[in-house]
1. Answer with yes or no whether residue 324 is out of contact with any Asp or Glu (no Cβ under 9 Å at 6 or more places or on another chain), acidic (Asp, Glu), outside the structural domain of residue 162 (by TED's automatic domain parsing) and buried (at least 19 other Cβ atoms within 10 Å of the Cβ).
2. Within the group 206, 181, 239, which residue is farther than 24 Å from residue 316 by Cα, surrounded by 14 or more Cβ atoms within 10 Å (Cβ to Cβ) and among the β-branched types (Val, Ile, Thr)?
3. Out of the residues in the stretch 218-230 that are in a helix (DSSP H, G or I) and either under 30 Å from the mean Cα position of the chain (by Cα) or without any contact (Cβ under 8 Å) to a residue 24 or more places away in the chain (or both), which is nearest to residue 263 (Cα to Cα)?
4. Please indicate, with yes or no, whether at least one residue in the stretch 154-169 is out of contact with any Pro (no Cβ under 8 Å at 6 or more places or on another chain), within 25 Å of residue 309 (Cβ to Cβ) and surrounded by fewer than 16 Cβ atoms within 10 Å (Cβ to Cβ).
5. Identify the single condition in (1) in contact (Cβ under 8 Å) with a residue 40 or more places away in the chain; (2) in a strand (DSSP E or B); (3) surrounded by 15 or more Cβ atoms within 10 Å (Cβ to Cβ) that residue 306 does not satisfy, given that it satisfies every other one.
6. Quick check on my filter: what residues within the stretch 240-257 are touching a Lys or Arg at 6+ places or on another chain (Cβ under 7 Å), farther than 13 Å from residue 176 by Cα and not in a loop (DSSP other than H, G, I, E, B)?
7. Could you say whether any residue in the stretch 236-249 is in contact with a helix residue (DSSP H, G or I) (Cβ under 7 Å, 6 or more places away or on another chain) and within 18 Å of residue 162 (Cα to Cα)?
8. Could you please let me know if residue 299 is surrounded by 15 or more Cβ atoms within 10 Å (Cβ to Cβ), closer than 20 Å to residue 322 by Cβ and either touching a residue at least 12 places away in the same chain (Cβ under 8 Å) or not assigned by TED's automatic domain parsing to the domain that holds residue 168 (or both)?
Amino acid sequence: MEWSFAVRFDSSVRLASAVGCCAGALLLGSSVASCAREAELDDPFANYGSAPALDSGTPYEDPPGPTSSGNDARDSASAADAVAPADAPAFEDARRSPTKTTDACAVDAFSPEDAAGPLDAASHDEAADGADEPSPADVTPDDPDAAPPVIASTASPGDLLITEIMFAPWGPEPQSEWFEIYNTSVDPKLLSGLTLQDGYPRTHVIAADPPVVIPSQTYVVLVRDRAVAVANVVPDAAIAYEYGAGLAPGEGIQLENDASGALSLWNGSTLLANVPYGPWGLTSYGQSIELDALDLDGSDDAASWCLAENAWAAGSDDGTPGSDNDCP
């Protein structure tokens with residue numbers, strides 16, 4: 001007990017001496033490393049708190065579990081680097097307690113050049129600030145600045161009307177054909193999943209990827225061929241869907257010019273809109289037919305339709321794709 005007390009007292013004296021040495025080194029500009037070495041000489045507790053020394057040639061092994069890198073090659077290299085004699089100074093210094101006097105001097109004794117270098121306080125603050133800034137990948141749909149998703153409901157009879165049909169364009173057919181739908185309701189309606197049917201009858205189900213939605217009280221245009229429609233100056237912004245994409249001219253639904261001409265819109269087995277225009281005698285090349293009133297009642301009757309009389313753009317056919325009809 002007396003020897004233990006004496007040794008501990010001697011160690012405390014040496015610890016106090018080391019602190020004084022470091023303070024003096026900072027004031028007088030002397031070598032801090034030299035001070036550290038002097039404080040360490042003959043200290044019976046020089047390795048107090050250090051990790052157990054490894055036998056020479058015994059590799060250090062990562063513990064199993066999530067702390068292992070999962071890379072066998074890199075783990076082997078790390079193990080080889082850890083091989084060192086038990087008395088190697090670098091090996092021991094790496095495992096000494098951070099509260100050891102020599103380490104405290106070495107860590108805290110920055111020179112004026114160090115304070116002005118890339119590791120100064122301002123740089124640390126900037127690094128910390130940058131680390132807190134979210135990247136674009138961190139932005140979630142809960143972001144208040146993000147646009148809310150559009151919620152569209154399934155259409156019922158009376159919600160959607162076929163309001164204009166271009167079945168006899170001046171351009172090549174059926175590529176230049178198109179028709180217009182209007183949403184009479186106060187809510188967006190989902191066109192995806194609805195079935196188009198011509199007078200043959202051939203059918204086409206409107207695709208769901210991406211979803212096709214018609215906004216409230218808005219006209220949209222469905223075209224056989226988008227590129228041809230745009231070339232014929234159909235407003236690109238009004239085009240909601242291309243129903244003949246990838247089809248040969250003789251395939252898919254077609255807007256016939258004879259008495260068999262018809263176009264209807266279905267939700268499963270529920271008829272939403274029907275325009276049996278073939279027998280009406282309204283065929284005139286370069287002119288669409290337009291629904292006079294936005295009302296489901298009578299929309300399947302010739303008396304509710306007219307021939308368009310004005311071009312919607314310079315060099316275009318006559319009609320009003322994507323906008324109000326102009327029946328006299």
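1. Numbers: out of contact with any Asp or Glu (no Cβ under 9 Å at 6 or more places or on another chain): yes; acidic (Asp, Glu): yes; outside the structural domain of residue 162 (by TED's automatic domain parsing): yes; buried (at least 19 other Cβ atoms within 10 Å of the Cβ): no.
It is false that residue 324 is out of contact with any Asp or Glu (no Cβ under 9 Å at 6 or more places or on another chain), acidic (Asp, Glu), outside the structural domain of residue 162 (by TED's automatic domain parsing) and buried (at least 19 other Cβ atoms within 10 Å of the Cβ).
2. Details: 181 fails: farther than 24 Å from residue 316 by Cα; 239 fails: farther than 24 Å from residue 316 by Cα.
Exactly one residue qualifies, and that residue is 206.
3. At the first step, the residues of the stretch 218-230 found to be in a helix (DSSP H, G or I) are 226-230.
From what is left, the residues that are either under 30 Å from the mean Cα position of the chain (by Cα) or without any contact (Cβ under 8 Å) to a residue 24 or more places away in the chain (or both) are 226-227, 230.
Values: 226: 19, 227: 22, 230: 22 Å.
Checking each candidate, the answer is 226.
4. Residues of the stretch 154-169 that are out of contact with any Pro (no Cβ under 8 Å at 6 or more places or on another chain), as a first pass: 154-163, 165, 167-169.
Next, from what is left, pick out any that are within 25 Å of residue 309 (Cβ to Cβ): 161-163, 165, 167-169.
Still in the list and also surrounded by fewer than 16 Cβ atoms within 10 Å (Cβ to Cβ): none.
Checking the stretch 154-169: not a single residue is out of contact with any Pro (no Cβ under 8 Å at 6 or more places or on another chain), within 25 Å of residue 309 (Cβ to Cβ) and surrounded by fewer than 16 Cβ atoms within 10 Å (Cβ to Cβ).
5. (1)
6. Listed by number, the list is empty, since nothing qualifies.
7. First, the residues of the stretch 236-249 that are in contact with a helix residue (DSSP H, G or I) (Cβ under 7 Å, 6 or more places away or on another chain): 236, 239, 242.
Filter again for within 18 Å of residue 162 (Cα to Cα), leaving 239, 242.
Scanning the stretch 236-249 turns up at least one residue that is in contact with a helix residue (DSSP H, G or I) (Cβ under 7 Å, 6 or more places away or on another chain) and within 18 Å of residue 162 (Cα to Cα).
8. Details: surrounded by 15 or more Cβ atoms within 10 Å (Cβ to Cβ): yes; closer than 20 Å to residue 322 by Cβ: yes; either touching a residue at least 12 places away in the same chain (Cβ under 8 Å) or not assigned by TED's automatic domain parsing to the domain that holds residue 168 (or both): yes.
Judged against the criteria, residue 299 is a match.
The values are calculated or read from the model by the stated rules, or taken from the named source; none is laboratory data. All values reported here derive from a predicted model rather than from experimental measurement. Heads up, the Cβs are rebuilt from the backbone with ideal geometry, glycines too, and the neighbour counts pull from every protein chain shown.
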